[in-house]
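No value in this document is a laboratory result; all are computed from the given coordinates. Keep in mind that what you see is a predicted model, and the values were worked out from it rather than measured. All Cβ positions, even for glycine, are placed from backbone atoms using ideal geometry, and neighbour counts span all protein chains on display.
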Amino acid sequence: MSRNFIFVEKEPEEAEWISSSKGCIEEEYEQQPPESQREEIGEAEKEPTREDISVPSFLPALDKITPRRSARAATNHNYHHLDNPNSRTKPVPRTFGNPAPALEPIDDGQRANYAETAMSFITKEIEPGNIPQTLTEAKASPEWPEWEKAIKAEMDILGEMGTWKLEDLPQGRETVGCKWVFDIKHDHEGKISKYKARLVAQGYSQIPGMDYFETFAPVVRHDSLRAMLAIAAIWDLEIRQLDIKGAYLNGDLQEEIYMRQPEGFNDRSGRICRLYKTLYGLKQSGREWNRKLNERLTELGFSRNKVDHCVYVRERDEETAVITVWVDDLLVFTKTEEEGNELARDLKSEFEVNDMGEPKMIIGVEIK
């Protein structure tokens, strides 16, 4: 089977465009009028002059019309700010400040005054009523005797609870720091009721997975507390506030943690504190304290509320008692005062409890 092919040479598209445009140009050139006629058309299309325009009588004369453009000099017609030297001021030469005055010699009295002013933020005394931030500031405070008593009371509690033992630091282990934290407690009338010092571990240096695992600890919800106060008012219940002293120190530490000796009580032996009780500031202290309190209340016949785990209820001999827990502050709701006294005695057998009687204020809620 044979096939015949015919090859046709075709000009490129560019050649076609050039040829077509060429023809258009020639055609346009042929349509132009002759030169004599072009001069007549140019004169007809010429713009009229001022003399050729007839101005109506109600308009002012053209000579009195203000031109739109200003009559500035031609050199000022340059609107480019950077290229117009007349539109910008001359640059001001840079200066490096005034020359320093000659130093005059000062005497010893002025020198001492300058030094005292510069170091006043270090040597200033703490005014009465202000809370010191460090042990050094507490010693410089006029209320140091009160702070000293608070520090001694804290160290006595730590010793009685067996919080730590001095040991040598094992190889490969890191220590946790500690610091003193001071606070002033006020009563419901705003008067000072207690100077408080607390040794706090610097838990931010704890290593997760080695120094701690779980950290969550519940507290009573504000809604639950308000509801119980309303129920107490309706049923005429007895309310008693209990404060657990050194609550966190009651928790048993499960992990192996080493802490540096506290400031002001370092025996210079090079040993460190091996913690056996949960100290304030540790990540897991709140959880271990809540676990310890829950065990004790369960032994006394209380059960946790399923909605709020810090509301404990006990029903016995047709008597109902309720306890709300906010860290170390407990509110006890009972029908009789004798039942409240019994609960306070049961808790005192396990913890060091401060019986504050009828509550005046708790977690910012004033009770009247």
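Normalising the average separation of contacting C-alpha pairs (under 8 angstrom, six or more residues apart) by the number of residues puts the relative contact order of region 174-300 at 32 percent. Across the options Q254, S269, V365, the greatest Cα extent toward the positive end of the charge dipole of region 241-368 (unit charges at beta carbon of Lys, Arg, Asp, Glu) belongs to S269. Overall dimensions of region 161-289, expressed as equivalent-ellipsoid semi-axes from the Cα gyration tensor (√(5λ), whole Å, largest first), are 36, 19, 11.
Pairs of Lys residues in region 246-368 are counted when their Cα atoms are under 23 angstrom apart and they lie 8 or more places apart or on different chains; the count is 11. What is the distance in Å between the Cα centroid of region 280-356 and that of region 204-276? So the separation of the two Cα centres works out to 15 Å.
Note: relative contact order over region 226-303, using C-alpha pairs below 8 Å and six or more positions apart, is 30 percent.
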